[in-house]
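The values are calculated or read from the model by the stated rules, or taken from the named source; none is laboratory data. All figures in this text were calculated on a predicted structure; none of them were measured in a lab. Positions of Cβ are generated from backbone atoms using ideal geometry, with glycine treated the same way; all protein chains shown enter the neighbour counts. Please note that ligands, DNA and RNA were not included when accessible areas were found on the heavy atoms of the full protein model with its side chains. Shrake-Rupley method; radii C 1.70, N 1.55, O 1.52, S 1.80 Å.
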Amino acid sequence: MKAISILIQTLAAASAVSATTVLAPNDVQIVAYASDSDEIAGYGDAFAFVTWIDLSPQTEIRFTDKGWMCENGFQSGESELIFTAQNTISAGSVFEFHKGITTEGPGQLWNLASGTWSLSNNDQIYVYQGSLANPSFVFAFDSTGGWETCGSVNDANKGARPEALVDGVSAVSFDHSDNFWYRPWYARSATLPTLKEWMVNRKRFKTTSLVETRKNEYEAPLSGFTIRSGQRGANGYTEYIPGTAPCIILSGHDGDLEPESIANRTTGCWDGSSCNWTKNCPNPDGDKCRAVFLNDENTQDMARRVNDYFEAHTGYSCHLIVSRLARKKLDPNREVQQAAQFDSAAIAAYEEFHNFTTTARLEIETNHPCGAGLLIDMHGHTHPEARIELGYKLSASQLRSSDEVVDTLAYTSSIKNMLSHTGSAFSALIRGNSSMGALFERPTDLNGTGYLSVPSPKVNAPSESEDYFQGGYNIETHGSQNAGSIDAIQIEFPRYLRAQEYGQQEDVLTVFGEVVLPQMLALHYPVACDVMVYSSPTFSPTPFPQPGTCSSSSPTPNVICTSDADCNCVRRDRALRGGSYRGEGALIFNQENRKLPPSTCANEGQKAVSCGSTSRNAKDNCCVNLICDEANSGSCTSGTATTDPPTAAPTPVCMCESPPSPTSAPTNPPTNPPTSSCGQKNAVCSAGNECCTLNCKNNGRCG
């Protein structure tokens, strides 16, 4: 019986050991390292690690700052620290050891097995399982600026790279600094390969050898990281993380990869009629064939963080497409010759970026209940006005036109399709009280005046002396200007929000993810797009008329316009949410009181008719220019209008038709959509001719 008891105990012990997690190289990485310390002042040597796989209870991970001498093992002296998982730990979790602060000892999360754990200003940390005598290496971090060769390790603070670890992957040696920690304002969600690449990229770490900076700013990323499911292109140069909401976020100008195998882009050469974008071509012309090589700093991380805030607030996420190549290698916001300059790897990454975007568009248009949506292209500018610039493919001079003129320009805009879902005038969509600019300008606790934007109610348009980006290739290609139901807006953030005021950066990104994006989908799209509605488990949506459904018009009411080509009705109706209209001044999202902007009515101007707003078709009698007095039997009782109904129904205005010429148009915009010849580079233009998607330059040519 005694032998049986011993056998049972042995099997139980073996089972407990086998249940712990065995780590492979790179399953754990170092994400913070601080060697400047003053334990009397309350801060000691510290480091933190992230696990990229789930850890079973009682799993041990060991850390040492001893130098590794290859076949001769570890040097003597210094310390060994053991981490023991107390329960199941999820992948992406971060744990920190902070000398003098972290509780340690046998049976605790951390146990100092030997030494005192004292990191020097030049030191390394080896991560392993097993024992000092027989380590199974997982990761190695070095702060000295280079690994020693096996035979040259003669200093306790130096070590060689273990043969089992790959330099730049599962082992990293950063150029020296006393302290490193992952930047708090950088993104913490991506696909697993991308996350691992970030942890061996020194640029993604805050570094300092100043004691005061370490004391006051050191912050391990203890909230952890989120591993996203997604697709990566060849070599990881592009990344697509599918979403669940009818929105798409693009980041194309802040890549973190600079492979030497792709030569840097160069300025193009003018051949007399067009630009030659062959790299290092003779006689480059920086005026006519200018190329931009600098990243829009921090916009990749801002795009990822906006999506994280949006998901945390709504339970849904946008589709996210990122170009990870630095802009000097690839600029996906240009046509392919200028973007990739004939480099095959760059061309492949360019095609991946735009194919991923097309995939996201089709997923929303085909499979999402909304069938429409919004694309955001994230960028940054350095203009002195320091405003958020919103690009709709309308030039600055077009925006300076009156609302009546701007209303005629919807068909040239990247948000043309948005007008089919709402009764608002086009000018109201881009600078009215429910526009994106207005939403950014809402006051916050941190910023009582909001974030000034253009166009918006406060700044309708940039002045003639101010710079402004109207939107580029991405929103022209993937927006609704030419086809489809995905609208696109280019957002340019000023430098202070990208690279200086990180507190305000977090604030504006929170506003973007929790207010601007949800409300844009709620205010300007069908109810099936409204993520705040569908985040409520008790909401049961009423079927919503598809885009193009007409409630009142001639020649044929209640028909479905399947395309602009066969549209024959007023595309201005929209289902009423909650039974009341949303006025132009309504900004705050309200689950119970979903108001809509007023719309064209069949009985326009008629007094004393039924106009109650509880019916889905109430817009047929919504008394334009009058006030519907629902308390008085739903009659139109005030306002300026005739007492007799009009003799004929108003003429419908379809977005599929050419908009009428305004009575007063200072810049004489075209009354018909532009022909295919419009917008050719270097075509002759004037102040009133904006060259369609190009700008009329000072030399009188489109560019």
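Applying 1/(1 + (r/R0)^6) with r as the Cβ-Cβ distance of Asp54 and Ser118 and R0 = 22 angstrom yields a FRET efficiency of 0.10. The amide H of Gly380, built 1.01 Å from its N in the peptide plane, has Phe493 as neighbours under 5 Å, considering only residues 5 or more places off or on other chains. Packing, as the average of other Cβ atoms within 10 Å across residues, places the peptides 216-227, 518-529 in the order 518-529, 216-227, highest first. Rounded to the nearest whole Hz, the Karplus-based 3J(HN,Hα) values (6.51 cos²θ - 1.76 cosθ + 1.60, θ = phi - 60°) of segment 208-220 follow the sequence 7, 10, 8, 4, 5, 5, 4, 5, 8, 10, 3, 8, 6, with x at glycine and proline. With only Cα atoms counted, segment 63-130 has Rg and Dmax values of 13.1, 36 Å. Full extension of the chain between Thr382 and Thr244 gives 46.3 nm of extra length, using 0.36 nm per residue less the Cα-Cα distance. On the beta carbon distance between Asn482 and Leu446, with R0 = 35 Å, the FRET formula returns roughly 0.30. When the surface is traced with a 1.4 Å probe over the full set of protein chains, Ser463 keeps roughly 50 Å² accessible. If the segment from Ile347 to Gln504 were pulled out straight at 0.36 nm per residue, it would be longer than the present Cα-Cα gap by 52.9 nm. Applying a DSSP loop filter and a limit of 13 other Cβ atoms within 10 Å to the chymotrypsin sites (Phe, Trp or Tyr not before Pro) in segment 320-397 leaves Phe342. Label-to-label distance, Leu222 versus Asp271, with points set 7 angstrom from Cα along the beta-carbon direction: 6.2 nm. Taking only the alpha carbons of segment 121-229, we obtain Rg and Dmax values of 15.1, 45 Å in that order. Residues in segment 40-188 average 39 Å² of solvent-accessible surface per residue, probe 1.4 Å, ligands and nucleic acids excluded. To put it simply, the accessible area of segment 221-355 at a 1.4 Å probe is 47 percent carbon and sulfur.
Among the listed pairs Lys99/Lys328; Lys206/Lys458; Lys288/Lys393, those whose Cα-Cα separation exceeds 31 Å are Lys99/Lys328; Lys206/Lys458. Under the rule a/c < 1.5 gives rounded, and otherwise a/b versus b/c splits prolate from oblate, where does segment 22-121 land using the Cα gyration tensor? It comes out oblate by the Cα gyration axes. Overall, segment 168-256 carries a charge dipole of about 140 debye about its Cα centre when +1 sits on the Cβ of Lys and Arg and -1 on the Cβ of Asp and Glu, all other atoms neutral. When nucleic acids and ligands are ignored and a 1.4 Å probe is applied, Lys279 ends up with an accessible area of around 40 Å².
Taking all protein chains as present, what is the carbon and sulfur share of the accessible area of segment 368-457, in % to the nearest whole number, probe 1.4 Å? With neighbouring chains kept in place, the figure for segment 368-457 is 51 percent. Pair-distance distribution P(r) for segment 173-261, from all Cα-Cα distances in 5 Å bins starting at 0: 2, 11, 19, 21, 18, 13, 8, 5, 2, 0 percent.
Here the extension length gained between Thr20 and Asn111 equals 31.0 nm, from 0.36 nm per residue of separation less the Cα-Cα distance. Of the trypsin sites (Lys or Arg not before Pro) found in segment 286-355, those in coil by DSSP whose Cβ has at most 15 other Cβ atoms within 10 Å are Arg290.
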